[in-house]
1. Answer yes or no as to whether Gly25 is part of a loop (DSSP other than H, G, I, E, B), surrounded by fewer than 17 Cβ atoms within 10 Å (Cβ to Cβ) and not hydrophobic (A, V, I, L, M, F, W, C).
2. Kindly check whether there is at least one residue in the stretch 49-65 that is out of contact with any Asp or Glu (no Cβ under 7 Å at 6 or more places or on another chain), within 22 Å of Asp272 (Cα to Cα) and modelled with pLDDT of 95 or more.
3. So, in the stretch 282-322, of the ones that are within 22 Å of Gly141 (Cα to Cα) and hydrophobic (A, V, I, L, M, F, W, C), which residue ends up nearest to the ligand (Cβ to nearest atom)?
4. Just one of (1) in contact (Cβ under 8 Å) with a residue 12 or more places away in the chain; (2) surrounded by 14 or more Cβ atoms within 10 Å (Cβ to Cβ); (3) basic (Lys, Arg) trips up Arg200, so point out which.
5. Within the set of pairs 6+ apart or on separate chains, which have a first residue in the stretch 55-84 that is under 23 Å from Lys194 (Cα atoms) and in a helix (DSSP H, G or I), a second that is small (Gly, Ala, Ser) and within 11 Å of the ligand (Cβ to nearest atom), and C-beta atoms under 6 Å apart?
6. Would you confirm whether any residue within the stretch 106-123 is open to solvent by 30 Å² or more (accessible area, probe 1.4 Å), under 22 Å from the mean Cα position of the chain (by Cα), of a type in the set (A, V, I, L, M) and modelled with pLDDT of 95 or more?
7. Restricting to the stretch 1-13, name every residue that is free of Cβ contacts under 8 Å to residues at least 24 places away in the same chain and either surrounded by 14 or more Cβ atoms within 10 Å (Cβ to Cβ) or part of a helix (DSSP H, G or I) (or both).
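The values are calculated or read from the model by the stated rules, or taken from the named source; none is laboratory data. Everything quoted here is computed from the prediction, not taken from an experiment. As a convention, Cβ positions derive from the backbone with ideal geometry for all residues, glycine included, and neighbour counts pool all protein chains shown. Areas reflect the complete protein model, heavy atoms only, side chains present, ligands, DNA and RNA absent. Shrake-Rupley method; radii C 1.70, N 1.55, O 1.52, S 1.80 Å.
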Amino acid sequence: MLQLLRERGFPAREIVPFASARSVGREIDGGLVVRGLDDESIQGFDLALFSAGGSTSGEWAPKFAQAGAIVVDNSSRWRMQDDVPLVVSEVNPDALETHHGIIANPNCSTMQMVVALKPIHDAAGIERLVISTYQAVSGTGKRAVDELLDQSHALLHEREIEQPSAYAHQIAFNALPHAGSFAPGDDHTDEERKLINETRKILGDPDIRISATCVRVPVVHGHSEAVNVQTRDELSPERARELLAAAPGVTVLDDPDAALYPLAIDAAGKDDVFVGRIRRDPGHERALDMWIVADNLRKGAATNAVQLAELLHERGLLRRVREPSAA
Ligand SMILES: NC(=O)c1ccc[n+]([C@@H]2O[C@H](COP(=O)([O-])OP(=O)(O)OC[C@H]3O[C@@H](n4cnc5c(N)ncnc54)[C@H](OP(=O)(O)O)[C@@H]3O)[C@@H](O)[C@H]2O)c1
């Protein structure tokens, strides 16, 4: 987020990094000194970008909001709360107007998918989605990236791998149908539930039927998604391609004869959502299949958070409003 604020020239007078007590006093990002969270240190901010996990957001986002800042939160803590807008900059920016001090940044696999689905939903309505994801390990954090690289190195050198810790099984040279975690009694992972619930909230359509399987694959950066989209009205692949080519934040790469389609390694480091393999589902006259890829740490997280900050600034929404309700 710090890198993106700089890259995009966000007009902040001052940027202050906060982290846990173990990092207080550290210098990061060319001289910014890390502060700890306490009732005094959080005073005087217009905007707070949070990415510190659900429990820290649960405790400190309302305190920042009460101190006058507008919070954009990356965790899942507030996403499904009714009075907290869940916003993707290209999809539902007007939802920002309804904020009560806290705005939620969606889950990465949901984020990239809804950017591509929005023009289709507007043109033909979406009745049902069947989604399979191929998610990069950086979505789990640095520890998982290290684990993939360490395991790959060990196996290529014919050594035993250490006991996996980031995932339940070896991730190198494997595919795990277990992205996220299983809550007791639930046969879906929390990642699959987020994809279902957040998509409906962002598109403002609780009737969309959604089936999701989230898979972790040995890719460092870039989530890929095979999405079957059943529309309410007829929509040809050609028209879908035109709509997507004109949509903000989307790049269409779709020439299978030339082996041109989105790839995670090409999306890494970019802000757009890439869509290809757009074709008629031979099993349904109103369904299309497509392949959607984006950098999970950029558009899937930091880029959207900074885009929301920019929109809040441009629309004059960086001011205190009513308090969020506790939940
Ligand atoms: N689409 C998305 O929006 C998206 C994508 C990826 C991740 N996430 C979410 O973002 C959150 C963070 O993920 P990450 O990979 O960025 O984690 P991370 O690399 O571990 O960073 C977490 C940061 O939070 C700080 N922190 C932890 N506990 C704190 C506390 N009690 N008080 C103050 N600061 C605290 C840490 O401080 P130290 O540096 O001192 O340890 C660290 O700087 C998670 O909730 C994750 O689910 C969201």
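1. On the way: part of a loop (DSSP other than H, G, I, E, B): yes; surrounded by fewer than 17 Cβ atoms within 10 Å (Cβ to Cβ): yes; not hydrophobic (A, V, I, L, M, F, W, C): yes.
Against the criterion (part of a loop (DSSP other than H, G, I, E, B), surrounded by fewer than 17 Cβ atoms within 10 Å (Cβ to Cβ) and not hydrophobic (A, V, I, L, M, F, W, C)), Gly25 qualifies.
2. For the stretch 49-65, residues out of contact with any Asp or Glu (no Cβ under 7 Å at 6 or more places or on another chain), within 22 Å of Asp272 (Cα to Cα) and modelled with pLDDT of 95 or more: present.
3. Selected residue: Ala301.
4. All conditions pass for Arg200, except number (1).
5. Matching pairs, first to second residue: Ser57/Ser75.
6. Within the stretch 106-123, not a single residue is open to solvent by 30 Å² or more (accessible area, probe 1.4 Å), under 22 Å from the mean Cα position of the chain (by Cα), of a type in the set (A, V, I, L, M) and modelled with pLDDT of 95 or more.
7. To start, the set of residues in the stretch 1-13 that are free of Cβ contacts under 8 Å to residues at least 24 places away in the same chain comprises 6-7, 9, 13.
Within the stretch 1-13, Arg6, Glu7 qualify.
Conditions tested, residue by residue: (1) closer than 21 Å to Gly269 by Cβ; (2) of a type in the set (A, V, I, L, M); (3) within 16 Å of the ligand (Cβ to nearest atom).
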{"position": "Asp46", "(1), (2), (3)": "no, no, no"}
{"position": "Gln66", "(1), (2), (3)": "no, no, no"}
{"position": "Val71", "(1), (2), (3)": "no, yes, yes"}
{"position": "Arg79", "(1), (2), (3)": "no, no, yes"}
{"position": "Ala104", "(1), (2), (3)": "no, yes, yes"}
{"position": "Met111", "(1), (2), (3)": "yes, yes, yes"}
{"position": "Val145", "(1), (2), (3)": "yes, yes, yes"}
